[in-house]
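To keep things clear, I will list the structure first and then write my remarks on it.
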Amino acid sequence: MDKKQLMKAIADKVGKEKALEMVMQAYNTELITTWIARIEANKPLGGPQRRDHLNAALERVWEACQLLP
């Protein structure tokens with residue numbers, strides 16, 4: 001699924017406001033995880049290998065939503 005489809009599916013499960021909150025929290029987690037890994041490895045931030053943090057956050061939240069009845 002693309003980003004719009006994932007967000008719609010999440011919003012359908014938990015509601016629009018909760019979906020936005022969950023995805024933003026997951027997005028922040030993805031960013032912080034990347035920053036910490038680069039700091040620990042003593043690498044510069046924003047190198048040539050950029051991750052799609054938003055897509056990773058959407059996938060993380062969607063996996064959690066799959067556990068809902």
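What follows is calculated from the coordinates using simple rules that are stated; it is not laboratory data. Keep in mind that what you see is a predicted model, and the values were worked out from it rather than measured. So basically every Cβ, Gly included, is an ideal-geometry build from the backbone, and we count neighbours across all protein chains shown.
Quick look at the numbers
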quantity: Computed label-point distance, nm, for sites ALA37 and LYS3 using a 7 Å Cα→Cβ extension; calculated: 1.9 nm
quantity: Helix axis angle, 3-14 relative to the chain longest principal axis, alpha carbon, degrees; calculated: 50 degrees
quantity: Acute angle (nearest 10 degrees) that the helix 53-65 long axis makes with the longest principal axis of the chain, alpha-carbon atoms; calculated: 40 degrees
quantity: Fraction in percent of alpha-carbon pairs per bin - 5 Å, the chain; calculated: 3, 17, 26, 20, 13, 10, 8, 3, 0
quantity: For the chain, calculated [θ]222 nm from helices alone, where every DSSP H run of n ≥ 4 adds -39500 (n - 2.57); calculated: -24000 deg cm²/dmol
quantity: Relative contact order (percent, whole number), the range 3-65, Cα cutoff 8 Å, 6+ residue spacing; calculated: 50 percent
